[in-house]
Amino acid sequence: MRKSIATVSVSGTLEDKLEAIAAAHFAGIELFDADLTASVMRAEDVAARCRDLGLAIDLFQPLRDVVGVSPALFPDRLRFAEAKFEVMERLGATRTLLCSAVHPEASPDLDLAAEQLATVGRRAADHGFTLAFEALAWGTCINRLQEAWQVVDTAGMPEVGLAVDTFHLLARGDDATALAGIPGDRMEYLQVADAPYKAMDVLEWSRHHRCFPGQGSLDVVGIVAAVVEAGYRGPLSLEVFNDIVREAEPHETARDAMRSLLFLEEQLRRHWDGDRTGGSPSSPGPRTRPLVELFDPPVEPSCPTAAFVEIAADPRSSAVPDLLVSLGFQPVSGEDDALRTFRNGGARVVLDGRSDLQVRRATALPRPSVTALGIAVDDPTRLMARAEALNWEPAARHGGAPEFTVTSPTGVTVQVVPADQDRTAGADGWLGIDHVGAAVDVDRSDAEVSFYRTLFGLRPGPVSEFFDPAGRLRSRVLLPREDGVRVVHNIVVRAGRAPTGVNQVAFACTDLVDRVEGMRAAGAPLLTFPDGYYDDLQARLGLDALLLDRLRRLGVLYDRDGKGELFHVYTPLVAGRFYVEVLERRGGYSGFGAANTPVRLAMQASAPWVGLS
């Protein structure tokens, strides 16, 4: 499908935006009026630059408060529209977006709005232009798609069509059924945006939290599918604005944007094939697929598994090996001293004592720190082809093995290995890596979601917030469709920049409480927690007194939900860069102990670091 993007969705000057958009291989743009008025380029210069870059101006936008206003205001707003039509003539643009009124004196009379829209439509037709009328979700009187369609239908002009914006439609609580009965040839333009669910003012939600498809929680696929099924064949255009894209490097944003549309096309194909593992949760089963060309990359792995973590450690220090041994790990014999594997049943840690020059790192890494996450998949060669198709720039590993590395937007190195090399059988009750946590730069947090979503099929959950002694912590979980790797993004909102990368490794086991007895006897540096935590635990959950006393003595945290229980312990920060969690899930518990996060953060903030000797 033809792909376009609004210039407001990319940062920089208009010249910067156009260059970045063209470099990402978009075919067209929505030219935002404010970008044009703030540019040193004249309209004719913008038109020429777009031609040079191979970009069409698919839409000029927006014309605000023109339709649906009081009769007293309309003449001046019509004059405003005529002035913008002159600008469009100079741009060579032929389509403009007309938004529903947000003016406090907007009229609730839809027939009046239709009359005004027809008047503007006739003026536009005189220039050879078409209008796309859009219901803003915060419009004073017209704020739902069906209301906008009623106005367009009543206006009854071929030059006037409906603009469908996925965010505006879904933010009002509507779904694809709102499009029922609207002919595709009356849909003039399709704007696409995702967003995480937020219980907040819809205008603030739109201005600060829109994101690219796949980065949020809305049923974008269901809406786009319904529009295409109705017969729409115009541009698939992104209109996203948030605090991140306003500041991010424009070429990175444009690449993220294009990748999101490729992923959206893949989800559309799955939707029409009846694959409920794809985009829309309401996928109705196999149906006739519209005749549109869609991105069709190799499929993502069915069950990607966290196979190991790699830790860069000073080979002259025994601090990290001692920590691992105290937790029950043992070194695998016969390996290179500079690259050692420690195992505990199905759990695996690789200690990398090589120099940065030996592994060709561009910058020296602080040691110890987690430098890589190993993910085992059924077919690394297929996944590498997928990564290349999505422009994630994978790098094949030396030696001809079917393995590769790929780096996430915030710098997490993922080593992809064959699943048959991932010996995660739960020997001795150690079940492997349950999840990893990563500190994520807020400016790349949406792109980081796209990395795991588009490559490995992980789905983002809601954003949780916690108060950290050093500031506010936002956390977002990415979960597999079934079993497999889980990733928790920790976005720290504070002055300055915290180090990014993997900062938590959580190992799963059985019989955790009994194991903690042995860990403490072996000198494992596990956190302890204040009596107030256990008093509160008893008040909230009414635990058995003997169990509660044992948890208190051993420093074990506890949580439960309607399906099961969680027992977990933590180490202090290792050199201030990462920490280890050991946990046991009982029954169907699927959470991460969020109720215990504040006390864990407080204790880690005050506990001495380990792993420095």
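The values are calculated or read from the model by the stated rules, or taken from the named source; none is laboratory data. On a predicted model such as this, the values are computed, not experimentally measured, just so you know. A quick note on method: Cβ atoms are made from the backbone with ideal geometry, for glycine too, and the neighbour counts reach across all protein chains shown. Calculation scope for accessible area: heavy atoms of the full protein, side chains included, ligands and nucleic acids excluded. Shrake-Rupley method; radii C 1.70, N 1.55, O 1.52, S 1.80 Å.
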* Mean separation of Cα contacts under 8 Å (6+ apart) over length of the chain, as relative contact order % -> 10
* Asked: Can you give the calculated 222 nm mean residue ellipticity of the chain, where each DSSP H run of n ≥ 4 adds -39,500 (n - 2.57) and the sum is split over every residue, rounded to the nearest 500 deg cm²/dmol?
  -> -9500 deg cm²/dmol
* Asked: Where does each of 455-464, 161-170, 64-73, 440-449 land if you order them by average Cβ count within 10 Å, highest first?
  -> 161-170, 440-449, 64-73, 455-464
* Of the listed peptides 531-537, 550-556, what is their order by residue-averaged count of other C-beta atoms within 10 Å, with the highest listed first? -> 550-556, 531-537
* Asked: If you count the DSSP beta bridges with both ends in the chain, what percent of them are antiparallel, to the nearest 5?
  -> 55
* Asked: Using θ = phi - 60° and the Karplus form 6.51 cos²θ - 1.76 cosθ + 1.60, what ³J(HN,Hα) does each residue of region 525-532 get, whole Hz, x for Gly and Pro?
  -> x, 9, 5, 10, 10, x, 4, x
* In what sequence, highest mean first, do 367-376, 265-274 appear when ranked by Cβ atoms within 10 angstrom? -> 367-376, 265-274
* Structure fact -> Relative contact order of region 172-275 (C-alpha contacts under 8 Å, at least 6 apart) in percent is 33
* **With every protein chain in place, the chain: carbon and sulfur % of accessible area (1.4 Å)** => 51
* Asked: With θ set to phi - 60° and the Karplus curve 6.51 cos²θ - 1.76 cosθ + 1.60, what are the ³J(HN,Hα) couplings of region 141-158 in order, to the nearest whole Hz, using x for Gly and Pro?
  -> 10, 10, 9, 10, 4, 5, 5, 5, 5, 4, 5, 4, 5, 5, 4, x, 10, x
* Structure fact -> For region 122-228, dividing by residue count, accessible area per residue (probe 1.4 Å) in Å² works out to 33
* Asked: For region 454-586, what are the per-bin percents of Cα-Cα distances with bins 10 Å wide, up to the bin holding the maximum?
  -> 10, 34, 37, 17, 1
* **HN-Hα J in Hz across region 586-601 - Karplus 6.51, -1.76, 1.60, θ = phi - 60°, x for Gly and Pro** => 10, x, x, 4, 10, x, 10, x, 4, 5, 9, 4, x, 6, 5, 4
* To do: Only one of the values [x] 25.9; [y] 28.6; [z] 26.6 was calculated from this structure for Kirkwood radius over Cα pairs in Å; name its label.
  => [z]
* To do: Using only alpha carbon pairs under 8 Å that are at least six residues apart, calculate the relative contact order of region 516-610 and give it in whole percent.
  => 29
* **Interchain or long-range residues, amide H under 5 Å from Arg95's placed H** => Phe60, Thr130
* **Two-decimal ratio, region 33-145, of alpha-carbon radius of gyration to 2.2 N^0.38 Å** => 1.11
* Structure fact -> Rounded to the nearest 5, the percent of DSSP beta bridges in region 476-613 running antiparallel is 70
